[in-house]
Structure formats: C-alpha cells, structure tokens
Amino acid sequence: MKNKFLKGAHLSERKFKEILKLFSEDLTATQIANISGVSRVTINSYLKKIRMQIVKYCESLQPEKAAGSVSLGHRAHALHQPQDIAVAVKTDVDRIVKPVIFGIYKSDNKVFTEILPDVSRSMIQAIARGRSVLETVGSAERIRRFNGVVDLSQYRLYHLGHGHHEAESKTVLDDVDGFWGLTKHRLAKFKGLNRNTAYLHLKECEFRYNYRHEELYAVLLNLLKTYPLNLS
C-alpha cells in the first residue's frame, strides 16, 4: 500500500493523514485511537516516529549546543529501552532521584531547548540568585547562555538575566514565559512523564510553539513529505 509519508506501512495514506491531523490538534494517543479506529499500540508507535522526526528537524535548526546537553543521538539508545521511569511533576517531588532540567533560549526569532543532565537544582538556584561561586567549575557560564532554566520535577521556571536592552529583554522574556506556559499545560496532561521520552515531548513543545502562528497540520505534512517516516 503506497504511502509517501510512512514507508513500509500497512496503512493507507488517507488514514495516516487523518492520524496526523488529530496529532496536530494535540489530541492524546487514546483520543486519536478512539477517533481513527486504529489500535492504541499502533498509534503510539506512529506518534513516537513523528516526534523523533520533529526532534531531528528542530535539532537541524538549533545553534551550537552547550557542552553536556542532550541530543537525539545521545538519547537514541535510551529511547528504545524497555524501562518506564516516570518523572513526576510538581507532586511527589521527594521521590525524584534526579530531576529533568532543561534550558530555554531564543535565537533568530525561535525558541530552543536543551536538556541539561549534569546540572543540579542547587546549581540553578545559585545562578538565579546571582552567586558566582560556580564560576570556578565553569557551570555558571554555561547555564547563563540560557534565558531561562526549568526544573521539570518542580514545574519551576528560573529566569536568567543577560543585560539585553529593555525592549529586547521584554520580547525574550515574553517568549520564554509563553513557551513555558504552553509546555506546562501540555505536559500536565500526561500526569508524569517517562524519563526516556521527556526529550521527545520537550522538542515537540518547542516545535509547536515556534509554529504556533501557522497551520501545524500543513507544516507537518510538508516535513514528512520531505523526510518520510520509515517503519523498518
């Protein structure tokens, strides 16, 4: 069965486009399965592949990443591991062994994100308070390249000032707050995230925010027509 968006699929192009349209409307996998009549297992498989393609696209646009940040290449092995390690958000914080922390910055009118696996909560708090004690280990300089840093387990955004002109700072701040508002709302639906797929969902939020003024379904169609998915 020919499907120019999903190679090797036993699914018609028409049905796949229906699934993609529902995904663009930000429905959950369960909702998409119920509406489309396709099994939840199959929907989960397709959505993961769509998200991985979104990640690759976002990373292709991203300026040079900070040392120690996570990319899809570094996550490829983990994304295929069977374990389900839930990352709680806001509640049950004491049970978190290592929180998911990510940085947000704006470049060329787009918002970009990076997960920072070697950055601790105490480091963020020290930087946000303006302490320079971390300069000796090089952490402060690396963290300060971001306009904001989020501790996902506590649902908390830390703003980091950079001394921009007032008008520029206001624009950057609005985008950081706007992105975090969208991300917080979306991730709350999951009531906790699989630690191994947190990066996929984060980059999806980045993609949705950067194309919020466009028809997302058309953007996704164009992306997958250029870079089709492959089930093999």
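The values are calculated or read from the model by the stated rules, or taken from the named source; none is laboratory data. Predicted model, so just to flag it, every value in this text is computed and none were measured. Positions of Cβ are backbone-derived with ideal geometry, glycine not excepted, and every protein chain shown enters the neighbour counts. Note: accessible area is taken over every heavy atom of the protein model, side chains too, but ligands, DNA and RNA are not part of it. Shrake-Rupley method; radii C 1.70, N 1.55, O 1.52, S 1.80 Å.
Tabulated values for the structure
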read-out: Members of segment 219-232 that are open to solvent by 80 Å² or more (accessible area, probe 1.4 Å) and either touching a helix residue (DSSP H, G or I) at 6+ places or on another chain (Cβ under 9 Å) or part of a helix (DSSP H, G or I) (or both); value: ASN222, LYS225, THR226, TYR227
read-out: Top-ranked residue in segment 8-19 [being within 21 Å of ALA218 (Cβ to Cβ) and not small (Gly, Ala, Ser); ranked as surrounded by the most Cβ atoms within 10 Å (Cβ to Cβ)]; value: ILE19
read-out: Close pairs (9 angstrom Cβ cut-off, 6 or more residues apart or separate chains): in contact (Cβ under 8 Å) with a residue 40 or more places away in the chain in segment 14-39, exposed (fewer than 14 other Cβ atoms within 10 Å of the Cβ) and basic (Lys, Arg) anywhere; value: ASP26/LYS189; THR28/LYS189
read-out: Single unsatisfied condition, GLN83 versus (1) at pLDDT below 50; (2) open to solvent by 40 Å² or more (accessible area, probe 1.4 Å); (3) not β-branched (Val, Ile, Thr); (4) not in a loop (DSSP other than H, G, I, E, B); value: (4)
read-out: Counted residues, segment 196-218 - those being over 18 Å from THR28 (Cα atoms) and open to solvent by 30 Å² or more (accessible area, probe 1.4 Å); value: 6
read-out: Answer residue from segment 127-158, given it is assigned to a loop (DSSP other than H, G, I, E, B) and either touching a helix residue (DSSP H, G or I) at 6+ places or on another chain (Cβ under 6 Å) or open to solvent by less than 80 Å² (accessible area, probe 1.4 Å) (or both) and is modelled with the lowest pLDDT among those; value: SER132
read-out: Residue count, segment 20-51 (criterion: open to solvent by 40 Å² or more (accessible area, probe 1.4 Å), assigned to a helix (DSSP H, G or I), out of contact with any Ser or Thr (no Cβ under 9 Å at 6 or more places or on another chain) and not small (Gly, Ala, Ser)); value: 9
read-out: Lone qualifier among GLY161, GLY181 - being at pLDDT 90 or above, closer than 21 Å to SER107 by Cα and surrounded by fewer than 20 Cβ atoms within 10 Å (Cβ to Cβ); value: GLY181
